[in-house]
Every structure is written in C-alpha cells, then in structure tokens.
Amino acid sequence: MRMLYDQHANPLLMFVLRLTGGDRQRAEDIVQETLMRAWRNAHKLGAQGQTSIRPWLVTVARRIAIDNHRSENARPTEMYDQELDSFAVADETDHVLRSMTVTEALRSLSYAHREILLETFFRGRTVPEAANVLGLPLGTAKSRVYYALRALRLALEQRGVTG
Amino acid sequence: MDGHESLRWDVAAYALGVLDHREVERYELHLAECSACAAELEFLLPASRLLADVDPNDIQSVEDSRLVDRLLDAVRIDRQRARRRHRITVGIGTAVAAALAGFAVLGGVTWLDSFPTDNVAGSPFETVSPEADPPDDLELGPGEPISVTDPDTGVSVEALLTGTDWGTQVSITLSEVTGPRECQLLVVHRDGTEEVVGSWRVPATGYGTEERPEPLRLRLATAADRSDIQQLRIRELAEDGSVSAVLAVVPV
C-alpha cells in the first residue's frame with residue numbers, strides 16, 4: 001500500500017483535481033478510494049510489473065468521480081469491485097486457457113501489428129525507442145501502436161475474452 | 001490541430017505503459033479533460049492487461065519460423081538461379097553437384113538470431129531459443145574462426161569452416177552491417193569458380209549496430225571440400241538481383 005501511495009498518489013491527485021474542478025477534499029477522497037480498490041485488487045491485477053497500473057488507476061478514479069457526481073454514495077461499493085473484474089484478471093484457474101486465447105488473438109494480427117507490440121510492450125521500449133529500432137517515423141509508430149491494440153481488443157472480443 | 005487530434009494515438013501507448021515517461025503526465029492532463037479519449041482508454045485497457053498474460057516466447061516462435069521460411073525461400077530461389085547458370089556453363093556433372101549442394105543448403109540453413117536478446121534486465125527474451133532445426137551449438141562451433149573487418153565497408157565477419165562427410169559447413173557471424181539490403185554469400189573454389197551458398201536480408205536496423213547490437217549468425221552448407229575453398233565473399237545484391245558491391249572478403 002505504501003508503494004502504491006508513493007508511486008501514484010500525487011500524479012493521481014493532479015488528475016482527479018481536474019475532474020473535481022479543483023475541489024481538493026473531494027479529489028483526495030477519490031484518490032484514497034481508488035488506491036484502496038487497487039490494493040484490494042492487487043492480486044487480480046497481476047504483479048508482473050510489466051504493465052504500469054496507472055492507466056487502470058486513472059480509469060477507476062474517473063469512474064468514481066463520475067459516479068460520485070451523479071449521486072453521492074448511491075451505489076454499494078461491491079458494485080465497483082464487480083466492474084473492476086472486467087479490467088482485472090478474473091480467475092487464476094483459467095489462466096492458462098486465457099493466456100492461450102490471448103496468444104491466439106495476437107497471432108491473428110498482421111505482422112506489422114505484432115511487431116510493434118513486441119517492440120513496445122514485450123521489450124519494454126517506449127514508442128519513440130521502438131520507432132527508432134524499426135526505422136519508422138514517430139507518427140507512424142504511434143498510430144500503429146493504436147491500431148494494433150485496437151485490433152487486439154477486437155480479436156479478443158471475437159474470442160469472448162473481454163467483458 | 002487541436003489537442004485531441006495530436007494526442008489521439010497516445011491512448012494505446014498509455015494503456016500499454018509504453019508512452020514516453022516525460023509525456024505521461026501531460027497525457028493524463030488531457031485525459032482529465034477529454035471524455036472521448038478516456039472512453040477509448042476504458043475500451044483498450046482490458047486488451048493491454050490481458051497482454052501481460054502472454055508468454056512472449058509463444059509469439060516469438062511464430063516470428064522465428066516466419067523468418068526461417070523467408071530465408072529458406074530466398075535460398076531456394078538463389079539455388080535455382082545458380083543451378084541454371086552452372087548447367088549452361090559447366091555441364092551436367094556440375095549441375096548434379098550443385099543440386100546436391102542446394103539440398104544441403106536447404107537442410108542446413110538456420111536463422112539463429114532473428115531477434116535481439118539483449119534488452120532490459122529480466123527481459124523474457126533472455127530465454128528465447130530458436131526452435132527451427134536445432135543446431136548442437138549456437139556459437140560458431142569448434143575450430144579456429146577467421147575474423148575479417150572490411151576496410152572499406154566496415155562490415156565485420158567471423159567465419160568458421162567445418163569439413164564434413166557431405167562437404168563443408170560454413171558458419172558466419174556478421175556485424176557492423178547496416179540495412180536495408182540484400183546479401184549473398186559466395187564460396188570461391190580453388191579453381192576460381194564461384195558458388196552462391198545463401199542469401200539474406202538485412203533489416204533497416206542492421207546487425208551488430210547500435211540499434212541492434214546482436215550480430216547475425218548464419219549457418220550454410222556447400223558440397224565443396226573444405227580444402228577446395230579458397231575464399232568466402234559477401235556481396236550485396238541490387239533490387240534487380242544484380243550484384244552491386246562486395247561487402248567483405250574472407251580469405252581461407
């Protein structure tokens with residue numbers, strides 16, 4: 001929890017402050033709630049350290065902010081956790097099966113799309129670094145990463161993997 | 001161009017955690033204000049999370065076999081050309097020998113190093129091993145390799161010739177070679193005749209370069225006797241298939 005807090009509390013607060021129109025008290029509540037959820041779901045989020053959980057935190061914080069805005073505390077907290085399962089890794093038992101399905105989905109992508117995901121996500125390179133390695137203009141690399149991930153998302157959907 | 005347009009693609013890099021770290025906070029400021037991009041992030045996020053489940057080696061083996069296929073195709077075409085030439089100039093006896101050599105090449109070429117394995121510490125790629133046609137060793141093998149750096153092109157070659165029952169195995173390691181370009185390896189016999197034993201492509205990143213530090217390792221074969229080989233020659237092919245330059249010469 002301490003690590004979560006040190007790494008993410010500040011940037012997350014900067015983000016949420018914008019959502020709350022500068023209301024610091026509300027922003028801090030939302031950050032606290034978000035980090036609590038992250039901590040409770042840590043085992044599901046997979047601690048590979050390969051993916052930063054920041055995009056996840058940002059998305060969850062935004063949802064909480066929107067829901068808070070709509071109606072103060074109208075929903076029981078368990079509801080969130082259910083929703084979060086769609087972001088998190090659902091169940092360890094079908095881990096192998098899912099991993100195979102995702103691999104298959106990846107293989108269905110075009111060579112260029114697989115290549116850019118390999119060079120960025122799996123090699124831990126940033127987009128500019130990958131663009132350099134592949135000899136691509138930065139703009140091309142950026143849009144390719146985008147279309148590759150979109151294609152993967154759709155390929156996963158077809159295989160019924162994402163909710 | 002407004003903020004959304006210029007940042008539109010970054011959502012995927014952000015979801016994957018591969019956005020340039022200096023840009024992360026700038027991008028989060030944008031996310032706080034752009035609900036379209038925030039919605040897109042929600043859409044893409046499950047895919048990026050699931051990706052973490054994949055063993056990159058599974059993907060890797062697909063890429064490897066693709067490259068091996070491509071390499072073998074290139075060799076096959078090359079052998080056919082070479083065979084035709086031999087048949088016309090030298091006659092049927094040599095054609096049979098060349099065909100045999102061709103067979104040996106198809107069986108013997110292995111793409112040993114199609115993807116860099118250096119990288120970040122703890123990279124899963126460290127365990128990657130090429131799955132096609134497992135050679136007993138990844139290095140050049142026993143014997144004394146010959147090292148040459150061409151003074152003009154800067155291309156560096158390490159070659160090892162191993163005599164066998166069927167001919168000679170030629171293992172080469174290439175570095176300091178820039179791309180993109182297509183290359184051939186020639187074996188020059190003592191009687192001055194030449195034989196193309198393989199061809200390959202060098203991608204834009206090159207091999208043994210700053211961008212791609214790993215050298216290219218290839219293993220090729222010829223029916224020629226070890227003692228009958230005078231020289232190895234690596235040359236570049238122009239797009240039309242004509243020879244455009246000699247990149248390196250290895251005296252044997």
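The values are calculated or read from the model by the stated rules, or taken from the named source; none is laboratory data. Computed from a predicted structure; not experimentally measured. Positions of Cβ are backbone-derived with ideal geometry, glycine not excepted, and every protein chain shown enters the neighbour counts.
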Answer with yes or no whether B:ARG233 is surrounded by fewer than 23 Cβ atoms within 10 Å (Cβ to Cβ), more than 14 Å from chain A (Cβ to nearest Cβ), of a type in the set (Lys, Arg) and closer than 15 Å to B:ALA248 by Cα.
yes
What is the one condition in (1) closer than 14 Å to A:THR120 by Cα; (2) at pLDDT below 90; (3) not basic (Lys, Arg) that B:LEU7 does not satisfy?
(1)
How many residues of region B:147-164 are surrounded by fewer than 16 Cβ atoms within 10 Å (Cβ to Cβ) and either part of a loop (DSSP other than H, G, I, E, B) or modelled with pLDDT under 85 (or both)? The answer is 6
Selection from region A:149-163 of residues in contact with a helix residue (DSSP H, G or I) (Cβ under 6 Å, 6 or more places away or on another chain) and at the interface with chain B (Cβ under 8 Å from one of its Cβ atoms) yields A:LEU149, A:LEU152, A:ARG153, A:LEU156, A:VAL161, A:THR162
Condition first: part of a helix (DSSP H, G or I), free of Cβ contacts under 8 Å to residues at least 12 places away in the same chain and more than 7 Å from chain B (Cβ to nearest Cβ). Now tell me which residues in region A:120-148 satisfy that.
A:GLU129, A:ALA131, A:LEU138, A:GLY139, A:THR140
Counting only residues in region B:10-34 that are farther than 17 Å from A:ARG144 by Cβ and of a type in the set (A, V, I, L, M), the one farthest from the chain's Cα centre (by Cα) is identified as B:ALA32
Which condition does B:GLY192 not pass, out of (1) loosely packed, with under 15 Cβ neighbours inside 10 Å; (2) on the phi < 0 side of the Ramachandran plot, if it passes all the others?
(2)
Whether any residue in region A:83-99 is within 14 Å of chain B (Cβ to nearest Cβ), at pLDDT 80 or above and either under 13 Å from the mean Cα position of the chain (by Cα) or crowded, with 18+ Cβ neighbours inside 10 Å (or both) is what I want to check.
no
